[in-house]
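The values are calculated or read from the model by the stated rules, or taken from the named source; none is laboratory data. Predicted model, so just to flag it, every value in this text is computed and none were measured. Cβ atoms come from the backbone with ideal geometry, glycine included; neighbour counts cover every protein chain shown. The area values use the complete protein model at the heavy-atom level, side chains included, leaving out ligands, DNA and RNA. Shrake-Rupley method; radii C 1.70, N 1.55, O 1.52, S 1.80 Å.
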Amino acid sequence: MQNYNELLEANLEWVEKRLDLDKDYFKNLSKGQNPPFLYIGCSDSRMPIDTFTQSEPGSFFIHRNIANQVFSNDMNFLATLEYAVEQLEVEHIIVSGHYECGGIKTAHDKCRHSSIISSWLMPIKKIEVEHKEELENLATEQERLDRLTELNVLEQLKHIFELSVIRNRIENGKYPRVHGWVLDIRSGKIVEIEIPIEDWKSKGIIPKEYQV
Ligand SMILES: [Zn+2]
C-alpha cells in the first residue's frame, strides 16, 4: 500500500511514462469526453472498474456509493444519470455490485436503525425479507450473501428502468442498453446478471419498446 507522499511521486512517474509513449496524450485527453459507459458501482476501494477491464481514462462516466444503490430521490445520482444519458449519450448503463460487499454484509448482519449507514442500507434489508425463502434455502452463509448481492443488482436495474429519463428515451427510440454485473472479487472476473426482460416487460417494469 502506498503512503501519501508515494501517491504524488507515483503520479509524476505515470505522467512521464505516458508522455514517453505519446507526447500529446494529455493534450488529447483534455479536449473532452465521449464515454460509452455509465458505470454505477460500489464505493469499495477494491472496485476500480477501469483496472478490472483494462480501460483507459475516458471510458467510464462513474457514479459510486455504498452497495451501488439507485434511488429516485438521490439528486447526486439523478444529475449524473441525466448528464450521462442526455448530454454524453452513453451507449450502455452498467450497475455493478461485488461479492464480499461490506454494505451487503452490514445489511444482512446487524442493521441498526439509528445510524446513517443503516438507513442507507435499509432497502437491501427489504430485498432480503422479500426473498427470505429463496435465501434461506441456500446451504451456506456465503451463498446467501452472494445471492443477496445479485438480487440487489437486479433491484437497482428495476429502479433504472422506472426512471422517467430512461423511459422517455426508450419510448423515443434512442436509448442506452442496461446491464447488471457482479464483480467476483475472489477471482477478479465479471459475472453478468441475466435480466428477465420479457417478464419485466409483462409487468410494466421495462417499456415494451426496449430491445437488448
Ligand atoms: Zn461494496
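Observations, loosely collected:
- Just one residue in the set Lys126, Lys110, Lys158, Lys132 is open to solvent by 50 Å² or more (accessible area, probe 1.4 Å), away from the ligand (no atom under 15 Å from the Cβ) and modelled with pLDDT under 95; that residue is Lys110.
- Given (1) assigned to a helix (DSSP H, G or I); (2) out of contact with any Ser or Thr (no Cβ under 8 Å at 6 or more places or on another chain); (3) at pLDDT 95 or above; (4) surrounded by 12 or more Cβ atoms within 10 Å (Cβ to Cβ), index of the condition Ser119 fails: (3)
- Just one of the listed residues (Pro57, Pro48, Pro36) is surrounded by 11 or more Cβ atoms within 10 Å (Cβ to Cβ), touching a strand residue (DSSP E or B) at 6+ places or on another chain (Cβ under 8 Å) and closer than 26 Å to Ser96 by Cβ, and it is Pro36.
- Ile66 open to solvent by 40 Å² or more (accessible area, probe 1.4 Å), within 16 Å of the ligand (Cβ to nearest atom), under 20 Å from Leu121 (Cα atoms) and assigned by TED's automatic domain parsing to the domain that holds Val153: yes
- Against the conditions (1) in a loop (DSSP other than H, G, I, E, B); (2) away from the ligand (no atom under 16 Å from the Cβ); (3) touching a residue at least 60 places away in the same chain (Cβ under 8 Å); (4) within 21 Å of Asp184 (Cα to Cα), Ser72 satisfies every one except (4).
- Filtered residues of the range 90-102 (kept if open to solvent by 10 Å² or more (accessible area, probe 1.4 Å) and either over 13 Å from Tyr39 (Cα atoms) or within 15 Å of the ligand (Cβ to nearest atom) (or both)): Tyr99, Glu100, Gly102
- Pairs with Cβ under 8 Å, 6+ apart, first in the range 85-105 and under 18 Å from Ile127 (Cβ atoms) and without any contact (Cβ under 8 Å) to a residue 60 or more places away in the chain, second of a type in the set (Ser, Thr, Tyr) and within 16 Å of the ligand (Cβ to nearest atom): Cys101/Thr149; Ile104/Thr149
- Segments classed as helices (runs of 4 or more DSSP H), wholly inside the range 1-53, with at least 2 members that are more than 24 Å from Gly188 (Cβ to Cβ): 4-21, 25-29
- Being among the hydrophobic types (A, V, I, L, M, F, W, C), out of contact with any Ser or Thr (no Cβ under 6 Å at 6 or more places or on another chain) and part of a helix (DSSP H, G or I) is a condition met by no residue of the range 178-185.
- Verdict on Ile205 being more than 22 Å from His131 (Cα to Cα) and at pLDDT 95 or above: no
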